[in-house]
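The values are calculated or read from the model by the stated rules, or taken from the named source; none is laboratory data. None of these values were measured; they are calculated from a predicted model. Note that we place each Cβ from the backbone using ideal geometry, even for glycine, and neighbour counts take in every protein chain shown. The area values use the complete protein model at the heavy-atom level, side chains included, leaving out ligands, DNA and RNA. Shrake-Rupley method; radii C 1.70, N 1.55, O 1.52, S 1.80 Å.
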Amino acid sequence: MTIYPPLEIPDTLAAGPGPGNTDPRVLERFCKTGVADHMQKDVLRGMAEAKEMLREVFGTKNIHTFGVGGTGFSGLDCMFSPILPGDRVVAFVNGTFSGLDGLAIRMKAATGDELAADSLNPKPAGVTIVDVPHGQSVTGDIVDDALAKHKPMWAFMAHWETGSGRVNDLQGFNDACSRHGVMGIVDVVSSLGVADFNIDDYQAVVAWASCPQKGILSLPLTYAPVSFTDQAIDLVARRGCHTYVHHPILEARHWGIVDGADGPAGYHRTHSGYAVAAFHEALRILLTHGRAQKVADYTYHEKALRQAVEAMGCTVTSNMTSLIVLNLPGKLAGSEKELVMGCRAEGFGIWTTLSEPVQIRIGILNQLTTDAITDIVSRFADAMLKMGAEFDKDAIMNGLKAYYA
Ligand SMILES: *Cc1c(COP(=O)(O)O)cnc(C)c1O
(Lines give C-alpha, C1' and ligand atoms only; values in the text may rest on other atoms or scores of the structure.)
Protein backbone atom coordinates (compact mmCIF):
# COMPACT_ATOMS: atom_id res chain seq x y z
CA MET A 1 0.00 0.00 0.00
CA THR A 2 1.21 3.53 -0.77
CA ILE A 3 0.43 6.50 1.42
CA TYR A 4 1.12 9.47 -0.76
CA PRO A 5 2.56 12.80 0.42
CA PRO A 6 0.09 15.65 0.98
CA LEU A 7 -1.46 16.84 -2.26
CA GLU A 8 -0.09 20.17 -3.45
CA ILE A 9 -2.00 21.92 -6.24
CA PRO A 10 -0.43 25.11 -7.63
CA ASP A 11 -2.19 28.42 -8.10
CA THR A 12 -2.87 28.82 -11.83
CA LEU A 13 -4.59 31.49 -13.88
CA ALA A 14 -8.00 29.90 -14.40
CA ALA A 15 -8.89 31.63 -17.68
CA GLY A 16 -11.31 29.09 -19.09
CA PRO A 17 -15.10 28.77 -19.31
CA GLY A 18 -15.10 27.80 -15.60
CA PRO A 19 -14.28 27.31 -12.85
CA GLY A 20 -13.65 30.94 -12.15
CA ASN A 21 -11.09 32.27 -9.74
CA THR A 22 -12.63 31.92 -6.24
CA ASP A 23 -12.54 35.09 -4.16
CA PRO A 24 -10.14 34.79 -1.17
CA ARG A 25 -12.99 35.85 1.11
CA VAL A 26 -14.95 32.76 0.07
CA LEU A 27 -11.96 30.53 0.84
CA GLU A 28 -11.49 32.31 4.16
CA ARG A 29 -15.10 31.59 5.21
CA PHE A 30 -14.55 27.98 4.18
CA CYS A 31 -11.47 27.45 6.35
CA LYS A 32 -12.32 29.74 9.26
CA THR A 33 -15.67 28.09 9.89
CA GLY A 34 -15.91 26.06 13.09
CA VAL A 35 -16.91 22.43 13.42
CA ALA A 36 -20.68 22.38 13.66
CA ASP A 37 -23.18 19.75 12.58
CA HIS A 38 -25.80 20.16 9.90
CA MET A 39 -28.61 21.02 12.35
CA GLN A 40 -26.61 23.55 14.43
CA LYS A 41 -28.48 26.85 14.55
CA ASP A 42 -25.94 29.04 12.74
CA VAL A 43 -25.54 26.50 9.94
CA LEU A 44 -29.33 26.51 9.47
CA ARG A 45 -29.45 30.31 9.74
CA GLY A 46 -26.74 30.49 7.05
CA MET A 47 -28.82 28.25 4.79
CA ALA A 48 -31.93 30.36 5.38
CA GLU A 49 -30.01 33.57 4.63
CA ALA A 50 -28.36 32.05 1.56
CA LYS A 51 -31.80 30.96 0.32
CA GLU A 52 -33.08 34.53 0.59
CA MET A 53 -30.00 35.97 -1.16
CA LEU A 54 -30.35 33.34 -3.86
CA ARG A 55 -33.92 34.49 -4.58
CA GLU A 56 -32.44 37.96 -5.14
CA VAL A 57 -29.73 36.59 -7.46
CA PHE A 58 -32.34 34.69 -9.50
CA GLY A 59 -34.81 37.59 -9.40
CA THR A 60 -37.64 35.40 -8.14
CA LYS A 61 -40.34 34.97 -5.57
CA ASN A 62 -40.31 31.19 -6.18
CA ILE A 63 -40.43 29.68 -2.71
CA HIS A 64 -38.60 26.57 -4.01
CA THR A 65 -35.27 28.32 -4.57
CA PHE A 66 -32.27 26.67 -2.90
CA GLY A 67 -28.88 25.05 -3.44
CA VAL A 68 -28.25 21.43 -4.42
CA GLY A 69 -25.03 20.09 -2.90
CA GLY A 70 -22.49 19.37 -5.65
CA THR A 71 -21.61 20.67 -9.12
CA GLY A 72 -23.68 22.16 -11.91
CA PHE A 73 -24.84 18.73 -13.04
CA SER A 74 -26.15 18.02 -9.51
CA GLY A 75 -28.44 21.04 -9.81
CA LEU A 76 -29.35 20.07 -13.37
CA ASP A 77 -30.22 16.54 -12.22
CA CYS A 78 -32.57 18.01 -9.60
CA MET A 79 -34.05 20.33 -12.24
CA PHE A 80 -34.66 17.40 -14.63
CA SER A 81 -36.06 15.13 -11.93
CA PRO A 82 -39.73 16.10 -12.58
CA ILE A 83 -39.36 14.50 -16.06
CA LEU A 84 -40.69 10.93 -15.87
CA PRO A 85 -40.32 7.95 -18.25
CA GLY A 86 -42.57 8.36 -21.26
CA ASP A 87 -42.82 12.17 -21.04
CA ARG A 88 -42.59 14.05 -24.32
CA VAL A 89 -39.66 16.50 -24.36
CA VAL A 90 -38.03 18.72 -26.99
CA ALA A 91 -34.43 19.70 -26.18
CA PHE A 92 -32.45 22.29 -28.14
CA VAL A 93 -28.76 21.47 -28.43
CA ASN A 94 -26.08 23.86 -29.72
CA GLY A 95 -22.92 22.69 -28.00
CA THR A 96 -21.26 20.41 -25.47
CA PHE A 97 -23.30 21.22 -22.39
CA SER A 98 -26.76 21.35 -23.90
CA GLY A 99 -25.73 18.06 -25.53
CA LEU A 100 -25.02 16.52 -22.12
CA ASP A 101 -28.25 18.02 -20.78
CA GLY A 102 -29.99 16.34 -23.69
CA LEU A 103 -28.44 13.01 -22.61
CA ALA A 104 -29.58 13.57 -19.01
CA ILE A 105 -33.11 14.28 -20.28
CA ARG A 106 -33.10 11.17 -22.47
CA MET A 107 -32.08 9.09 -19.43
CA LYS A 108 -34.96 10.57 -17.39
CA ALA A 109 -37.60 10.22 -20.11
CA ALA A 110 -36.62 6.71 -21.27
CA THR A 111 -38.91 3.83 -20.36
CA GLY A 112 -37.28 0.73 -18.85
CA ASP A 113 -37.08 -0.96 -22.26
CA GLU A 114 -35.67 2.15 -23.94
CA LEU A 115 -33.01 2.50 -21.27
CA ALA A 116 -32.01 -1.16 -21.47
CA ALA A 117 -31.75 -0.94 -25.29
CA ASP A 118 -28.86 1.55 -25.03
CA SER A 119 -28.25 2.33 -21.38
CA LEU A 120 -25.48 4.94 -21.78
CA ASN A 121 -27.08 6.70 -24.71
CA PRO A 122 -30.82 5.97 -24.70
CA LYS A 123 -32.99 7.28 -27.51
CA PRO A 124 -36.53 7.39 -26.12
CA ALA A 125 -39.34 7.87 -28.61
CA GLY A 126 -40.76 10.73 -26.55
CA VAL A 127 -37.63 12.92 -26.73
CA THR A 128 -36.77 15.05 -29.74
CA ILE A 129 -33.30 16.60 -29.88
CA VAL A 130 -33.20 19.66 -32.12
CA ASP A 131 -29.57 20.19 -33.18
CA VAL A 132 -28.54 23.77 -33.85
CA PRO A 133 -25.07 24.01 -35.45
CA HIS A 134 -22.09 24.80 -33.20
CA GLY A 135 -21.44 28.55 -33.21
CA GLN A 136 -25.09 29.47 -33.76
CA SER A 137 -27.73 30.50 -31.22
CA VAL A 138 -31.08 28.88 -30.52
CA THR A 139 -33.66 31.42 -31.72
CA GLY A 140 -37.31 31.92 -30.78
CA ASP A 141 -38.34 30.82 -34.29
CA ILE A 142 -36.45 27.52 -34.02
CA VAL A 143 -38.18 26.84 -30.68
CA ASP A 144 -41.58 27.90 -31.95
CA ASP A 145 -41.40 25.64 -35.04
CA ALA A 146 -40.29 22.60 -33.04
CA LEU A 147 -42.91 23.02 -30.32
CA ALA A 148 -45.67 23.50 -32.93
CA LYS A 149 -44.58 20.30 -34.66
CA HIS A 150 -43.90 18.00 -31.69
CA LYS A 151 -46.36 19.35 -29.07
CA PRO A 152 -44.29 18.15 -26.08
CA MET A 153 -45.01 18.40 -22.37
CA TRP A 154 -41.54 19.89 -21.70
CA ALA A 155 -39.01 22.00 -23.63
CA PHE A 156 -35.38 22.47 -22.65
CA MET A 157 -32.66 24.96 -23.60
CA ALA A 158 -29.35 26.18 -22.16
CA HIS A 159 -29.44 29.96 -21.73
CA TRP A 160 -25.70 30.40 -22.39
CA GLU A 161 -24.09 27.41 -24.15
CA THR A 162 -20.55 27.44 -22.75
CA GLY A 163 -19.31 24.85 -25.26
CA SER A 164 -19.68 27.24 -28.19
CA GLY A 165 -19.93 30.51 -26.24
CA ARG A 166 -23.38 31.33 -27.60
CA VAL A 167 -26.24 33.21 -25.93
CA ASN A 168 -29.61 31.60 -26.72
CA ASP A 169 -32.89 33.49 -26.94
CA LEU A 170 -34.50 33.17 -23.51
CA GLN A 171 -37.38 35.54 -24.32
CA GLY A 172 -38.15 33.69 -27.56
CA PHE A 173 -37.96 30.33 -25.76
CA ASN A 174 -40.31 31.54 -23.01
CA ASP A 175 -42.79 33.03 -25.49
CA ALA A 176 -42.86 29.87 -27.60
CA CYS A 177 -43.43 27.73 -24.49
CA SER A 178 -46.24 30.03 -23.43
CA ARG A 179 -47.87 29.94 -26.89
CA HIS A 180 -47.83 26.15 -27.06
CA GLY A 181 -48.68 25.42 -23.42
CA VAL A 182 -45.30 23.73 -22.79
CA MET A 183 -43.37 23.76 -19.51
CA GLY A 184 -39.91 25.23 -20.06
CA ILE A 185 -36.72 24.07 -18.35
CA VAL A 186 -33.55 26.17 -18.65
CA ASP A 187 -29.87 25.55 -17.82
CA VAL A 188 -28.54 28.89 -16.51
CA VAL A 189 -25.25 27.36 -15.35
CA SER A 190 -23.15 29.87 -17.28
CA SER A 191 -25.38 32.95 -17.15
CA LEU A 192 -26.51 33.22 -13.51
CA GLY A 193 -24.34 35.86 -11.85
CA VAL A 194 -22.97 37.09 -15.20
CA ALA A 195 -26.11 38.18 -17.10
CA ASP A 196 -28.74 40.40 -15.55
CA PHE A 197 -32.17 38.77 -15.74
CA ASN A 198 -35.07 38.00 -13.43
CA ILE A 199 -36.41 34.51 -13.89
CA ASP A 200 -39.86 35.70 -12.82
CA ASP A 201 -40.04 37.61 -16.13
CA TYR A 202 -40.18 34.21 -17.90
CA GLN A 203 -43.34 32.65 -16.53
CA ALA A 204 -43.48 29.72 -18.97
CA VAL A 205 -40.17 28.41 -17.59
CA VAL A 206 -40.94 26.28 -14.54
CA ALA A 207 -37.46 25.02 -13.53
CA TRP A 208 -33.99 26.57 -13.56
CA ALA A 209 -30.54 25.35 -12.50
CA SER A 210 -27.07 26.84 -12.22
CA CYS A 211 -23.71 25.87 -10.68
CA PRO A 212 -21.33 26.96 -7.91
CA GLN A 213 -18.22 27.56 -10.02
CA LYS A 214 -19.08 30.05 -12.77
CA GLY A 215 -20.98 33.30 -12.12
CA ILE A 216 -21.53 32.45 -8.44
CA LEU A 217 -17.78 31.87 -7.90
CA SER A 218 -17.94 29.47 -4.98
CA LEU A 219 -15.96 26.48 -6.17
CA PRO A 220 -14.99 24.99 -2.76
CA LEU A 221 -17.55 22.48 -3.65
CA THR A 222 -20.72 24.13 -2.50
CA TYR A 223 -24.17 24.48 -4.02
CA ALA A 224 -25.76 24.44 -7.44
CA PRO A 225 -28.62 26.98 -7.31
CA VAL A 226 -32.05 25.80 -8.48
CA SER A 227 -35.49 27.38 -8.62
CA PHE A 228 -38.90 25.82 -9.31
CA THR A 229 -42.27 27.48 -9.81
CA ASP A 230 -45.28 26.28 -7.82
CA GLN A 231 -46.55 24.65 -11.02
CA ALA A 232 -43.47 22.41 -11.20
CA ILE A 233 -43.62 21.59 -7.50
CA ASP A 234 -47.36 20.78 -7.66
CA LEU A 235 -46.63 18.40 -10.53
CA VAL A 236 -43.86 16.68 -8.54
CA ALA A 237 -46.16 16.44 -5.50
CA ARG A 238 -48.80 14.77 -7.68
CA ARG A 239 -46.64 12.46 -9.83
CA GLY A 240 -43.50 11.99 -7.71
CA CYS A 241 -40.01 11.50 -9.08
CA HIS A 242 -37.39 8.74 -9.03
CA THR A 243 -34.85 10.22 -6.63
CA TYR A 244 -34.47 10.81 -2.93
CA VAL A 245 -31.33 12.94 -2.93
CA HIS A 246 -32.26 15.34 -5.76
CA HIS A 247 -36.00 15.44 -5.00
CA PRO A 248 -37.07 19.10 -5.39
CA ILE A 249 -39.47 18.93 -2.43
CA LEU A 250 -37.35 16.82 -0.06
CA GLU A 251 -34.06 18.64 -0.79
CA ALA A 252 -35.83 21.99 -0.16
CA ARG A 253 -36.81 20.93 3.36
CA HIS A 254 -33.28 21.22 4.69
CA TRP A 255 -33.28 24.84 3.44
CA GLY A 256 -36.37 25.52 5.52
CA ILE A 257 -38.92 25.20 2.71
CA VAL A 258 -41.76 23.07 4.03
CA ASP A 259 -45.27 22.60 2.59
CA GLY A 260 -44.77 25.49 0.17
CA ALA A 261 -43.64 28.05 2.75
CA ASP A 262 -40.53 29.13 4.63
CA GLY A 263 -40.45 27.23 7.91
CA PRO A 264 -38.23 25.24 10.24
CA ALA A 265 -35.61 23.12 8.46
CA GLY A 266 -35.73 19.33 8.61
CA TYR A 267 -32.97 16.82 7.96
CA HIS A 268 -32.54 15.70 4.39
CA ARG A 269 -28.79 15.02 4.19
CA THR A 270 -25.67 16.11 6.05
CA HIS A 271 -24.76 19.58 4.86
CA SER A 272 -21.29 20.99 5.52
CA GLY A 273 -21.06 24.16 7.62
CA TYR A 274 -17.88 24.96 5.67
CA ALA A 275 -19.70 24.80 2.35
CA VAL A 276 -22.67 26.78 3.69
CA ALA A 277 -20.38 29.56 4.95
CA ALA A 278 -18.45 29.72 1.65
CA PHE A 279 -21.62 29.78 -0.46
CA HIS A 280 -23.17 32.43 1.81
CA GLU A 281 -20.07 34.62 1.37
CA ALA A 282 -20.08 34.18 -2.42
CA LEU A 283 -23.70 35.37 -2.55
CA ARG A 284 -22.89 38.36 -0.31
CA ILE A 285 -20.02 39.33 -2.63
CA LEU A 286 -22.19 39.00 -5.73
CA LEU A 287 -25.03 41.11 -4.31
CA THR A 288 -22.61 43.71 -2.91
CA HIS A 289 -20.97 44.04 -6.33
CA GLY A 290 -24.51 44.35 -7.69
CA ARG A 291 -25.99 42.34 -10.54
CA ALA A 292 -26.16 45.30 -12.94
CA GLN A 293 -22.60 46.41 -12.18
CA LYS A 294 -21.30 42.89 -12.75
CA VAL A 295 -23.00 42.79 -16.14
CA ALA A 296 -21.43 46.13 -17.07
CA ASP A 297 -17.97 44.95 -15.92
CA TYR A 298 -18.14 41.70 -17.90
CA THR A 299 -19.31 43.56 -21.01
CA TYR A 300 -16.51 46.12 -20.71
CA HIS A 301 -13.67 43.62 -20.17
CA GLU A 302 -14.91 41.06 -22.71
CA LYS A 303 -14.75 43.82 -25.33
CA ALA A 304 -11.13 44.58 -24.39
CA LEU A 305 -10.12 40.93 -24.75
CA ARG A 306 -12.12 40.48 -27.95
CA GLN A 307 -10.48 43.49 -29.63
CA ALA A 308 -7.02 42.30 -28.58
CA VAL A 309 -7.39 38.75 -29.96
CA GLU A 310 -8.93 40.13 -33.15
CA ALA A 311 -5.91 42.42 -33.51
CA MET A 312 -3.79 39.24 -33.30
CA GLY A 313 -5.69 37.89 -36.31
CA CYS A 314 -8.15 35.59 -34.49
CA THR A 315 -11.84 35.34 -35.39
CA VAL A 316 -14.28 35.40 -32.46
CA THR A 317 -17.46 33.35 -32.91
CA SER A 318 -18.97 33.68 -29.41
CA ASN A 319 -21.30 36.32 -27.99
CA MET A 320 -21.19 35.55 -24.24
CA THR A 321 -19.54 38.18 -22.01
CA SER A 322 -17.63 35.82 -19.69
CA LEU A 323 -15.99 33.78 -22.44
CA ILE A 324 -14.39 34.22 -25.86
CA VAL A 325 -14.44 31.36 -28.37
CA LEU A 326 -12.12 31.92 -31.31
CA ASN A 327 -10.52 30.50 -34.42
CA LEU A 328 -6.80 30.98 -34.92
CA PRO A 329 -5.69 32.84 -38.06
CA GLY A 330 -5.26 30.71 -41.20
CA LYS A 331 -1.59 29.92 -40.78
CA LEU A 332 -2.10 28.55 -37.24
CA ALA A 333 -5.40 26.76 -37.91
CA GLY A 334 -5.06 23.16 -36.70
CA SER A 335 -2.62 24.10 -33.91
CA GLU A 336 -5.31 24.87 -31.33
CA LYS A 337 -4.68 21.84 -29.11
CA GLU A 338 -0.92 22.29 -29.16
CA LEU A 339 -1.21 25.99 -28.31
CA VAL A 340 -3.62 25.34 -25.45
CA MET A 341 -1.50 22.49 -24.06
CA GLY A 342 1.54 24.78 -24.05
CA CYS A 343 -0.38 27.47 -22.16
CA ARG A 344 -1.79 24.99 -19.64
CA ALA A 345 1.71 23.56 -18.98
CA GLU A 346 2.71 27.06 -17.88
CA GLY A 347 -0.26 27.54 -15.53
CA PHE A 348 -2.29 29.59 -18.02
CA GLY A 349 -5.53 27.60 -17.91
CA ILE A 350 -7.31 28.24 -21.22
CA TRP A 351 -9.26 25.53 -23.07
CA THR A 352 -10.16 24.13 -26.43
CA THR A 353 -13.77 23.25 -27.17
CA LEU A 354 -14.74 19.82 -25.80
CA SER A 355 -16.67 18.77 -28.89
CA GLU A 356 -16.11 19.47 -32.61
CA PRO A 357 -15.10 21.82 -34.18
CA VAL A 358 -11.84 22.53 -32.33
CA GLN A 359 -11.70 26.15 -31.21
CA ILE A 360 -9.96 28.01 -28.38
CA ARG A 361 -11.86 29.26 -25.32
CA ILE A 362 -10.55 32.03 -23.06
CA GLY A 363 -12.68 33.00 -20.07
CA ILE A 364 -12.64 35.99 -17.75
CA LEU A 365 -14.70 34.77 -14.76
CA ASN A 366 -13.70 37.00 -11.82
CA GLN A 367 -10.89 38.56 -13.91
CA LEU A 368 -12.64 41.91 -14.04
CA THR A 369 -9.64 44.24 -13.76
CA THR A 370 -7.39 45.96 -16.28
CA ASP A 371 -4.38 44.13 -14.83
CA ALA A 372 -6.02 40.70 -15.10
CA ILE A 373 -7.10 41.20 -18.73
CA THR A 374 -3.68 42.64 -19.61
CA ASP A 375 -2.03 39.53 -18.14
CA ILE A 376 -4.34 37.25 -20.16
CA VAL A 377 -3.73 39.17 -23.40
CA SER A 378 0.04 39.20 -22.85
CA ARG A 379 0.22 35.46 -22.16
CA PHE A 380 -1.99 34.61 -25.12
CA ALA A 381 0.07 36.85 -27.43
CA ASP A 382 3.26 35.10 -26.27
CA ALA A 383 1.71 31.69 -26.93
CA MET A 384 0.64 32.67 -30.44
CA LEU A 385 4.02 34.19 -31.28
CA LYS A 386 5.71 31.02 -30.05
CA MET A 387 3.59 29.06 -32.56
CA GLY A 388 4.73 31.34 -35.39
CA ALA A 389 2.04 34.03 -35.50
CA GLU A 390 3.12 37.29 -37.07
CA PHE A 391 2.09 40.42 -35.23
CA ASP A 392 3.75 43.13 -33.20
CA LYS A 393 3.07 42.41 -29.52
CA ASP A 394 3.83 45.99 -28.50
CA ALA A 395 1.15 47.22 -30.87
CA ILE A 396 -1.36 44.77 -29.34
CA MET A 397 -0.51 45.83 -25.78
CA ASN A 398 -0.68 49.52 -26.74
CA GLY A 399 -4.08 48.96 -28.34
CA LEU A 400 -5.30 47.40 -25.09
CA LYS A 401 -3.87 50.30 -23.10
CA ALA A 402 -5.66 52.75 -25.39
CA TYR A 403 -8.97 50.88 -24.86
CA TYR A 404 -8.60 51.18 -21.09
CA ALA A 405 -7.34 54.80 -21.15
C1 LIG B 1 -20.24 24.18 -16.85
C2 LIG B 1 -21.57 23.85 -17.38
C3 LIG B 1 -22.27 22.69 -16.98
C4 LIG B 1 -21.65 21.66 -16.06
O5 LIG B 1 -21.38 22.13 -14.76
P6 LIG B 1 -20.47 21.25 -13.77
O7 LIG B 1 -20.21 22.21 -12.63
O8 LIG B 1 -19.23 20.88 -14.53
O9 LIG B 1 -21.23 20.07 -13.32
C10 LIG B 1 -23.54 22.49 -17.48
N11 LIG B 1 -24.11 23.37 -18.33
C12 LIG B 1 -23.49 24.49 -18.75
C13 LIG B 1 -24.17 25.42 -19.69
C14 LIG B 1 -22.20 24.76 -18.28
O15 LIG B 1 -21.57 25.87 -18.70
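Annotation: the antiparallel percentage among DSSP beta bridges lying fully within the chain is about 50.
Accessible surface of the chain, 1.4 Å probe: 54 percent of it comes from carbon and sulfur atoms.
Per residue, what accessible area does the chain have, given a 1.4 Å probe and all protein chains present, in Å²? Could you put the intermediate results ahead of the total?
Working: 17280 Å² over 405 residues.
Heavy-atom SASA per residue in the chain reads 43 Å².
In the neighborhood of Ala237, defined by Cβ-to-Cβ distances under 11 Å, what is the net charge if each Lys or Arg adds +1 and each Asp or Glu adds -1? Computed value for this residue: -1. The phi-based Karplus calculation (6.51 cos²θ - 1.76 cosθ + 1.60; θ = phi - 60°) puts the 3J(HN,Hα) values of region 11-27 at 7, 10, 8, 7, 10, x, x, x, x, x, 5, 6, 5, x, 5, 5, 5 Hz, whole numbers, x for Gly and Pro.
For region 115-188 versus region 361-405, the spacing of their alpha-carbon centroids is 36 Å.
Looking at this model, which pairs from Lys123/Lys149; Lys32/Lys214; Lys108/Lys337; Lys51/Lys123; Lys149/Lys294 are more than 28 angstrom apart at the alpha-carbon? Don't skip to the answer; put the middle values down first.
Values: Lys123/Lys149 19 Å; Lys32/Lys214 23 Å; Lys108/Lys337 34 Å; Lys51/Lys123 37 Å; Lys149/Lys294 39 Å.
In this structure, Lys108/Lys337; Lys51/Lys123; Lys149/Lys294 exceed 28 Å between Cα atoms.
Determine, for each peptide in 313-319, 284-290, 158-164, the mean count of other beta carbons within 10 angstrom over its residues, then list the peptides with the highest first.
Numbers: 313-319: 18.1, 284-290: 14.6, 158-164: 29.0.
Descending packing order for the listed peptides: 158-164, 313-319, 284-290.
Size descriptors for the chain: radius of gyration and Dmax over Cα atoms are 21.8, 65 Å.
Classify region 4-50 as rounded, prolate or oblate from the Cα gyration tensor: take a ≥ b ≥ c as the square roots of its eigenvalues, call it rounded if a/c is under 1.5, otherwise prolate when a/b beats b/c and oblate if not. Verdict is oblate for region 4-50. Among 1-9, 19-27, 235-243, sorting by the average number of other beta carbon atoms lying within 10 angstrom of each residue, highest first, gives 19-27, 235-243, 1-9.
Rounded to the nearest whole Hz, the Karplus-based 3J(HN,Hα) values (6.51 cos²θ - 1.76 cosθ + 1.60, θ = phi - 60°) of region 335-344 follow the sequence 9, 4, 5, 4, 4, 5, 4, x, 5, 5, with x at glycine and proline. With respect to the chain, whose longest principal axis is taken over its alpha-carbon atoms, helix 273-289 is tilted by about 60°.
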